[in-house]
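Take a look at the structure below.
The values are calculated or read from the model by the stated rules, or taken from the named source; none is laboratory data. Here the structure is a predicted model, which means the values were calculated and not measured. Every residue, glycine as well, gets a Cβ built from its backbone with ideal geometry; the counts of neighbours run over all protein chains shown.
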């Protein structure tokens with residue numbers, strides 16, 4: 001949207017009481033309204049572009065300081081956003097049995113630059129390495145209701161590279177000992193120790209998100225995840241929390257077959273075609289085989305393994321594997337439950353495509369995290385506009401996509417601008433004066 005914004009949209013103003021207590025001053029509240037409005041309707045989601053959207057705007061440095069220096073708690077902002085979502089969720093009776101907490105991770109792409117914690121990571125969708133931040137997310141789904149819960153940033157720690165660098169510095173000191181050299185070596189050694197102490201794997205970060213969701217009282221019984229997270233650090237915490245889990249399962253996981261630990265991809269070659277059963281799920285044909293087996297990476301825990309082929313049974317190819325702790329569940333229930341994780345994929349696309357999740361040009365990690373939380377807030381504020389994928393009472397409209405919800409807000413802002421122009425004309429301002437004000 002390129003036309004000047006003269007008034008904040010109703011989705012922001014109506015829900016502002018949830019967020020106001022987070023901020024210290026009225027100016028911070030104003031910047032919050034500006035930023036989430038810009039994320040929803042702006043063509044560009046950078047600080048400068050968002051600041052330029054508003055009539056009689058200040059210098060963009062004020063909005064930049066709001067993100068990078070101002071004293072407010074972004075985690076408290078997110079907690080209050082989840083409270084808003086929970087209030088909407090409980091407008092009707094909610095069953096924890098239908099609740100799912102989805103664990104996923106996504107890459108916020110960037111070109112190589114001096115942004116804190118930017119890493120060179122493998123993007124499996126593009127099948128190449130990219131510069132990005134790797135964000136582990138939790139997402140809640142209960143039938144038609146859904147919303148993001150929280151995230152953790154995965155901080156890459158290349159231990160071998162660190163140790164090689166320390167060894168190289170040590171060798172240089174032995175060859176040419178200097179006070180400055182010892183100082184640099186000591187700084188590097190301390191940095192290595194701190195980095196090693198704060199490092200968390202993605203599965204450990206995912207486990208923290210599950211614990212947080214339970215502490216916040218989200219009603220769910222099942223945790224869903226893809227094959228990357230099928231590891232004991234996450235699964236052990238999920239089970240300690242009294243939750244069930246269904247996840248993708250990598251083909252190299254070892255199961256106990258005929259008293260030997262065998263990779264799933266080798267075990268499945270022993271299964272004949274007649275052992276597979278056809279299933280129809282959402283109009284698509286699946287060929288499935290399931291069996292309860294101990295899995296080595298899960299400390300010999302017995303889980304139900306489901307091997308699937310989509311559309312056609314092709315035994316010359318390796319099937320896709322899924323696993324669940326509920327051994328009594330049949331294959332169809334496991335697959336339909338796993339398919340409930342699809343909304344997190346559409347959310348990632350919407351957050352990046354419409355709400356600027358990866359469009360930041362901030363260098364400091366504090367500002368970047370705040371940008372992400374404000375992007376979550378913008379998504380939740382759009383809930384008053386109705387779906388996608390939501391069953392909400394008392395919403396103003398029912399739109400088919402996040403793009404339509406953003407355009408509905410833009411249409412409302414256009415109406416505010418028309419009324420503002422009409423009011424200035426009624427007050428006696430000439431059209432040229434109004435135009436000059438708008439273009440100033």
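Which condition does residue 247 not pass, out of (1) surrounded by 14 or more Cβ atoms within 10 Å (Cβ to Cβ); (2) touching a strand residue (DSSP E or B) at 6+ places or on another chain (Cβ under 8 Å); (3) farther than 19 Å from residue 333 by Cβ, if it passes all the others?
(3)
Residues checked against (1) touching a strand residue (DSSP E or B) at 6+ places or on another chain (Cβ under 6 Å); (2) surrounded by 15 or more Cβ atoms within 10 Å (Cβ to Cβ):
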site: 239; (1), (2): no, yes
site: 262; (1), (2): no, yes
site: 270; (1), (2): no, no
site: 275; (1), (2): yes, no
site: 283; (1), (2): no, no
site: 286; (1), (2): yes, yes
site: 292; (1), (2): yes, no
site: 295; (1), (2): yes, yes
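Among the residues of the stretch 120-141, is there at least one that is over 23 Å from residue 203 (Cα atoms) and surrounded by 13 or more Cβ atoms within 10 Å (Cβ to Cβ)?
Kept after step one, since they are over 23 Å from residue 203 (Cα atoms), are these residues of the stretch 120-141: none.
The answer is no, given that none of the residues of the stretch 120-141 is over 23 Å from residue 203 (Cα atoms) and surrounded by 13 or more Cβ atoms within 10 Å (Cβ to Cβ).
Consider residue 99 carefully, then state whether it is crowded, with 17+ Cβ neighbours inside 10 Å, farther than 23 Å from residue 17 by Cβ, in contact (Cβ under 8 Å) with a residue 40 or more places away in the chain and in contact with a helix residue (DSSP H, G or I) (Cβ under 8 Å, 6 or more places away or on another chain).
On the way: crowded, with 17+ Cβ neighbours inside 10 Å: yes; farther than 23 Å from residue 17 by Cβ: yes; in contact (Cβ under 8 Å) with a residue 40 or more places away in the chain: yes; in contact with a helix residue (DSSP H, G or I) (Cβ under 8 Å, 6 or more places away or on another chain): no.
For residue 99, the condition - crowded, with 17+ Cβ neighbours inside 10 Å, farther than 23 Å from residue 17 by Cβ, in contact (Cβ under 8 Å) with a residue 40 or more places away in the chain and in contact with a helix residue (DSSP H, G or I) (Cβ under 8 Å, 6 or more places away or on another chain) - is not met.
Which residue out of 353, 415 is within 30 Å of residue 154 (Cα to Cα) and either out of contact with any strand residue (DSSP E or B) (no Cβ under 8 Å at 6 or more places or on another chain) or at pLDDT below 90 (or both)? Even if it seems obvious, please write down each step before you answer.
Details: 415 fails: within 30 Å of residue 154 (Cα to Cα).
Going through 353, 415 in turn, the sole match is 353.
Tell me, which helices (runs of 4 or more DSSP H) lie completely within the stretch 4-61 with 2 or more residues that are out of contact with any helix residue (DSSP H, G or I) (no Cβ under 6 Å at 6 or more places or on another chain) and within 18 Å of residue 72 (Cβ to Cβ)?
Of the helices (runs of 4 or more DSSP H) lying wholly inside the stretch 4-61, those with at least 2 residues that are out of contact with any helix residue (DSSP H, G or I) (no Cβ under 6 Å at 6 or more places or on another chain) and within 18 Å of residue 72 (Cβ to Cβ) span 10-19, 26-41.
Go through (1) farther than 28 Å from residue 213 by Cα; (2) touching a helix residue (DSSP H, G or I) at 6+ places or on another chain (Cβ under 7 Å) for residue 126 and report which single condition fails.
(2)
Checking the condition in contact (Cβ under 8 Å) with a residue 24 or more places away in the chain, exposed (fewer than 13 other Cβ atoms within 10 Å of the Cβ) and not in a strand (DSSP E or B), which residue from 114, 160, 174 passes?
Values: 160 fails: in contact (Cβ under 8 Å) with a residue 24 or more places away in the chain; 174 fails: in contact (Cβ under 8 Å) with a residue 24 or more places away in the chain.
Among 114, 160, 174, only 114 is in contact (Cβ under 8 Å) with a residue 24 or more places away in the chain, exposed (fewer than 13 other Cβ atoms within 10 Å of the Cβ) and not in a strand (DSSP E or B).
Take the conditions surrounded by fewer than 20 Cβ atoms within 10 Å (Cβ to Cβ) and either at pLDDT below 95 or in a helix (DSSP H, G or I) (or both) and apply them to residue 345. Does it pass? Give the steps one after another, and end with the answer.
Details: surrounded by fewer than 20 Cβ atoms within 10 Å (Cβ to Cβ): yes; either at pLDDT below 95 or in a helix (DSSP H, G or I) (or both): yes.
Yes: the conditions hold for residue 345.
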